[in-house]
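To keep things clear, I will list the structure first and then write my remarks on it.
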Amino acid sequence: MKNDQYDLIQILDHIEPAELSYQDWINVGMALQYEGYGPEVWDAWSQRDPARYHTGECRRKWDGFRGSTMSSPVTGGTIVQLARDQGWTPPYDPGHALGWDDAIQEEGVIVDSNWVEGREIDPPEKWDPAQELIRYLEVLFDSTENVGYVTTSFEKDGKYMPTKGDWSRTAGQLIEQLSHCNGDIGSVLGDYNPKVGAWIRFNPLDGNGIKNENVTDFRYALVESDSMEIEKQNALIRELELPVACLVHSGKKSLHAIVHIDAGSYEEYRKRVDYLYDICRKNGLDIDRQNRNPSRLSRMPGVIRDGGKQFLVDTNIGKESWSEWKEWIESIHDDLPDPESLQEVWDHMPELSPPLISGVLRQGHKLLLAGPSKAGKSFALIELCIAIAEGRNWLSWPCSQGRVLYVNLELDRASCLHRFQDVYRALGIRPENLSNIDIWNLRGKSRPMDKLAPMLIRRAAKKNYIAVIIDPIYKVITGDENSADQMANFCNQFDLICNELRTAVIYCHHHSKGAQGGKKSMDRASGSGVFARDPDAMLDMIELELTEEILKQEENKAVCAACRQYLDAHFKWEEDLSQDDLCSSYQMLEYCKDKLDKWQYKALSRMVEEAKQKVKGRTAWRIEGTLREFPKFPAVNLWFDYPCHRVDQVGVLGNIQPETELPPWKKGTAKNKKNAENRKDERRKALEEAVENACFGSAPAVKEVANYLGIAERSVRDRVKEHGEYVIEDGVIHKKSSAGKTES
């Protein structure tokens with residue numbers, strides 16, 4: 001015999017031929033021949049599948065194996081594997097070499113069956129067949145549900161087989177009739193063969209048949225074992241806390257546990273039964289895997305079987321439901337730490353993680369940057385990458401220096417790389433530590449976060465990143481972002497990255513749509529509040545509405561800076577102007593007119609215009625923080641001067657209140673003021689159009705403009721005064737530059 005590690009005849013006892021494909025059945029025969037067994041072993045085992053067994057077939061095929069078993073042999077290992085697939089656990093398994101990180105205990109192992117002592121089963125003191133069955137029906141069925149049962153059988157090849165039986169009556173009807181049968185259940189169900197016993201189906205039927213498609217509720221599954229002592233079965237079923245509704249003694253060598261499955265569909269039923277059987281197998285309860293079907297027959301309590309009683313051992317034992325049991329099973333081997341006593345660590349506190357962003361975020365923690373569209377969030381995160389890589393300040397906060405991974409989910413590769421270069425140049429930082437920045441370009445290739453996290457961890461495992469920046473997260477969100485439980489699971493992926501890589505995770509998210517007025521800063525991020533409450537630090541960006549005065553100030557400063565830049569490049573001039581003159585765009589331009597020739601002044605004018613346009617494209621922002629590890633910091637005001645943010649060092653933005661924070665009466669005032677300015681602008685444009693077109697390009701009379709606009713002449717005169725660039729002369733409207741005199 002070539003395979004001396006296992007006794008293959010004993011292993012065959014754990015393989016049901018009815019569950020194998022034709023090819024697997026052939027492979028068993030070839031393996032037995034290769035290992036030196038005779039055809040009678042294969043034939044005896046094959047008879048356990050009476051539906052497909054044919055006398056003499058094994059011998060005929062056996063003789064045809066002889067050439068193939070030598071050229072491409074099927075060995076005894078095939079039989080071992082088939083047994084494993086059906087739930088068999090060998091008494092000794094040589095296994096495989098464990099790696100350093102391998103878990104020694106198999107997941108799902110709750111008890112060591114080798115150390116579980118058998119538990120005796122006491123037969124009923126008073127034998128009341130009808131009451132046994134009534135109790136069974138009351139536990140498993142509603143009164144209106146059809147019950148399938150079998151009391152008749154037939155003999156085939158020396159083995160008694162059940163017929164299809166009956167399924168026409170409900171549990172309520174059966175209970176009513178059994179209650180008045182004076183213990184004679186045969187008068188209700190039909191007489192049974194006391195040598196064979198009787199059977200019953202444990203799931204309700206539709207009254208039209210006994211197949212799986214006739215099952216109306218996938219409520220229970222059958223757990224049965226014929227290969228171990230019945231007392232050991234009883235002990236293991238209870239040790240595993242199986243959610244057993246009814247535990248029935250089969251009258252011979254096994255228990256039938258009717259276990260809560262509570263599946264919503266046949267597909268879910270199959271998955272749950274596979275899980276149930278797998279847990280039983282792992283814990284040494286060697287079960288019969290042929291009993292998977294929801295329409296399966298089980299032993300009926302209250303009848304005699306070859307001198308033994310089929311009776312109810314117990315009801316409603318173990319966990320109350322499938323969900324409770326499954327949760328308990330999975331909690332046994334969780335990786336959660338045990339509680340610790342504060343007293344034990346009081347004098348030996350662990351060191352806090354060092355700051356990554358001073359006063360904001362520690363290394364190994366999480367940060368969320370939230371803001372509306374066009375706030376430049378991606379630019380801000382690129383600025384943060386550069387600050388960490390170069391050991392510089394990010395906005396107003398010093399950063400620790402180290403390696404950083406930027407996960408780009410939105411930009412194409414070229415745009416992303418150019419953006420880094422543009423920001424470096426705009427910040428005026430020399431790129432001395434570019435090796436500290438890695439970029440993972442995933443536009444069009446991203447995965448849901450639960451799939452992306454392990455891929456990221458694998459690639460970053462040996463890079464020693466102190467920060468991983470993910471931009472933006474809407475590309476990798478899994479589930480409904482308004483669902484707290486789904487988003488909690490999503491955010492757990494960030495914890496996984498933090499814990500596995502010992503790195504900080506920084507990500508950005510957008511504000512929700514619509515007005516943000518009345519919301520706290522931490523509630524502006526789109527979706528569930530989990531987003532704001534999960535990270536250790538949240539920075540929220542909100543736009544500041546610039547006043548006309550501030551815009552004029554900024555334009556004045558930009559013009560002065562342009563003039564100084566041009567003058568510095570061409571002249572020595574500082575002593576010609578006072579400090580006040582240096583802060584006045586009017587004085588600077590007047591000085592330049594005198595100092596520069598025509599072509600130089602023209603070049604300066606282009607620079608001035610570019611500076612003005614840049615000011616018009618500038619936006620202002622305020623960052624507020626919600627911090628877990630540090631005290632709240634004063635709001636930081638920023639200019640977003642594409643492509644980078646600059647802190648407002650002067651404080652010009654400090655007094656601006658975002659519209660979201662204005663009291664209601666001020667919001668109305670601001671809105672009315674804005675509307676008034678809009679109306680004034682509309683009147684100016686309408687007047688200009690009327691002056692241009694009312695008299696076909698010639699200077700129009702007041703009356704002609706009034707007719708063109710459809711308003712009174714007095715209103716036209718008021719608009720001319722309001723406009724400021726027109727005068728009325730002899731009833732005709734002129735531009736000031738072309739008028740000879742002004743109408744009084």
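The values are calculated or read from the model by the stated rules, or taken from the named source; none is laboratory data. Note that this is a predicted model, so its numbers are computed, not measured. All Cβ positions, even for glycine, are placed from backbone atoms using ideal geometry, and neighbour counts span all protein chains on display. These accessible areas exclude ligands, DNA and RNA; they are computed on the full protein's heavy atoms, side chains included. Shrake-Rupley method; radii C 1.70, N 1.55, O 1.52, S 1.80 Å.
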Working out 0.36 nm times the residue gap between Q613 and R679, then minus their Cα-Cα distance, what length gain in nm do you get to one decimal? 21.3 nm
Using the Karplus equation 6.51 cos²θ - 1.76 cosθ + 1.60 (θ = phi - 60°), what ³J(HN,Hα) coupling, rounded to whole Hz, does each residue of the stretch 169-176 give in order, writing x for Gly and Pro? 10, 8, 4, x, 5, 5, 4, 4
How much solvent-accessible surface does E629 expose, in Å² to the nearest 10, with a 1.4 Å probe and all protein chains in place? 70 Å²
Indicate, rounded to the nearest 5 percent, the antiparallel portion of the DSSP beta bridges found entirely in the chain. 70 percent
If a/c stays under 1.5 just call it rounded; otherwise compare a/b with b/c (prolate if a/b is bigger, oblate if not). Do that for the stretch 140-208, with a ≥ b ≥ c from the square roots of the Cα gyration tensor eigenvalues. oblate
Taking loop as defined by DSSP and a crowding limit of 16 other beta carbons within 10 Å, which chymotrypsin sites (Phe, Trp or Tyr not before Pro) in the stretch 312-365 fit? W346
When the convex hull of the Cα atoms of the chain is projected onto a plane and the area is averaged over all directions, what value comes out in nm²? 58.5 nm²
Cβ-derived FRET efficiency at R0 56 Å, F633 paired with V109, nearest 0.05: 0.65
For A467, residues with placed amide H under 5 Å, excluding near neighbours: L405, A504
Rg(Cα)/(2.2 N^0.38 Å) for the stretch 531-571, N = residue count: 2.14
Using alpha carbon centroids, what distance separates the stretch 346-415 and the stretch 560-632, in Å? 32 Å
Which order do D314, D580 take by accessible area at a 1.4 Å probe, largest first? D580, D314
Given the -39500 (n - 2.57) contribution per DSSP H run of 4+ residues, what per-residue ellipticity at 222 nm results for the chain, rounded to the nearest 500 deg cm²/dmol? -11500 deg cm²/dmol
By its C-alpha gyration tensor, with a ≥ b ≥ c as the square roots of the eigenvalues, how is the stretch 271-408 shaped: rounded for a/c under 1.5, else prolate for a/b larger than b/c, else oblate? prolate
For K126 and Y586, compute 0.36 nm times the residue count separating them, minus their Cα-Cα distance, and round to one decimal in nm. 154.3 nm
How high is the FRET efficiency between L336 and R84 when r is their beta carbon distance and R₀ equals 25 Å, given to the nearest 0.05? 0.20
Solvent-accessible surface ranking, highest first, for F571, F490 at 1.4 angstrom: F571, F490
Run the numbers on the chain and let me know its relative contact order in percent, using alpha-carbon pairs under 8 Å that are six or more apart. 9 percent
Among 402-409, 192-199, 57-64, 722-729, how do they line up by average Cβ neighbours within 10 Å per residue, starting with the highest? 402-409, 192-199, 722-729, 57-64
Using θ = phi - 60° and the Karplus form 6.51 cos²θ - 1.76 cosθ + 1.60, what ³J(HN,Hα) does each residue of the stretch 632-644 get, whole Hz, x for Gly and Pro? 4, 9, x, 4, 9, 9, 10, 9, 9, 10, 2, x, 9
Using only the Cα atoms, work out Rg/Rh for the stretch 353-439, with Rh taken as the Kirkwood radius, to two decimals. 0.94
Using a 1.4 Å probe on the protein heavy atoms only, what accessible surface does T78 show? Give it in Å² to the nearest 10. 40 Å²
Ratio of Rg to Rh for the stretch 131-247, alpha carbon only, Kirkwood? 0.98
Computed over the chain: longest principal axis from alpha-carbon atoms vs helix 22-34 long axis, angle to nearest 10 degrees, is 60 degrees
Can you pull out the chymotrypsin sites (Phe, Trp or Tyr not before Pro) in the stretch 118-165 that DSSP calls coil and that have at most 14 other Cβ atoms within 10 Å? W127
Residue-wise HN-Hα coupling along the stretch 251-258, computed from phi with Karplus coefficients 6.51, -1.76, 1.60 (Hz; x: Gly, Pro): x, 10, 10, 9, 9, 10, 9, 8
Ignoring ligands, DNA and RNA, please state the percent of accessible area on the chain from carbon and sulfur, probe 1.4 Å. 46 percent
Expressed as a whole number of Å, what is the distance separating the alpha-carbon centroids of the stretch 207-255 and the stretch 109-134? 12 Å
To test your reading of the geometry: what angle, between 0 and 90 degrees and rounded to tens, separates the Cα axis of helix 548-570 from the longest principal axis of the chain? 70 degrees
Express in whole angstrom the spacing between the alpha-carbon centres of the stretch 32-53 and the stretch 263-322. 28 Å
Using the alpha-carbon atoms, what tilt in degrees (0 to 90, nearest 10) does helix 585-595 show relative to the longest principal axis of the chain? 60 degrees
